[in-house]
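Below is one structure, written out as structure tokens; the observations come after it.
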Ligand code: GRG
């Protein structure tokens, strides 16, 4: 059952965070890092663990990049919620880090979680081969930084003040960075750990990342996101283009379903072993938060 597999991954990643953060000085900073890493779905970490299982990689190794990607993801959410960005009061149904603590703490929590993510993939317990660790570290830096997630965020901010709404190609490019890059990295990490071909999982991750973002736009419009503390229809309210504004609600749902089909097809070469990952892809377009 897929939701159980996702919950199981979340529990394992949470336990790894507790161990890692437990080794840091008990300051408000580290308390806030723990707070920021709790309560998410752990979809990205799950993809790492499952992609690793698909290649026969031990969970004791895979937990390092799985926790790393959740640290980077949590950092992005903490910074995205800041007044200078989305200025959100709630995240995962609870006060955002800058509301519960203060802005300085939230900036440092994001900084420290980002560094922690790189520390975790560079740790020898992640993989004994320094070349594999370097590959994971370099690819994670590329996915998170100015050619990946940060690029997407910068394009998104620029779109706020653009005189014309984005086209479908532009929004697809923006989201491939903002949301897609970390999801694709997560899908590929297990193949990297195994030294196997990353191409099928790259295709899976690219399609899944876009489906995830389209579904996020669908949820935004349908209002279900309100229960997890997001501003309903926020982007649409600003007159910014979204997948729903460009494709229509039904068109966006159809496109997301097509992408999930593409994602699943990319994994056919793995046979039955890939069923849980395919279930994850189907879950992405059935989730209500
Ligand atoms: C601040 C550098 C920087 C980047 C921020 C990812 C991002 C870029 C901002 C998040 C804004 C947002 C809500 C995007 C929609 C897609 C998304 C990433 C949703 C949150 O991911 P989930 O649903 O979150 O996997 P949980 O809480 O389950 O971990």
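At a glance:
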| item | result |
| --- | --- |
| Chain lengthening between residue 273 and residue 58 when straightened (0.36 nm per residue, less Cα-Cα) | 75.9 nm |
| Computed FRET value (nearest 0.05) for residue 23 with residue 250, which takes r as the C-beta separation and R₀ as 41 Å | 0.25 |
| Ranked 63, 157, criterion: other C-beta atoms within 10 Å, fewest first | 157, 63 |
| Ordering of 271-279, 76-84 by burial proxy (mean other Cβ atoms within 10 Å per residue, highest first) | 76-84, 271-279 |
| Extended-chain gain in nm, criterion 0.36 nm per residue less alpha-carbon gap, residue 107 and residue 4 | 33.7 nm |
| Protection proxy ranking, peptides 188-198, 247-257, average beta carbon neighbours within 10 Å, highest first | 188-198, 247-257 |
| Unit Cα scatterers, Debye sum, region 2-284: log10 I(q)/I(0) for q = 0.06, 0.08, 0.12, 0.13 Å⁻¹ | -0.17, -0.31, -0.73, -0.87 |
| Förster-model FRET efficiency, 35 Å R0, residue 94 and residue 261, C-beta, rounded to 0.05 | 0.50 |
| Percent RCO, i.e. relative contact order, over the chain, from Cα pairs under 8 Å lying at least 6 residues apart | 19 |
| Relative packing of peptides 20-30, 106-116 - highest average C-beta neighbours within 10 Å first | 106-116, 20-30 |
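We did not get these values from a lab; they are worked out from the coordinates using the rules stated. If you're wondering where the values come from, they're calculated on a predicted model, not measured in any experiment. Positions of Cβ are generated from backbone atoms using ideal geometry, with glycine treated the same way; all protein chains shown enter the neighbour counts.
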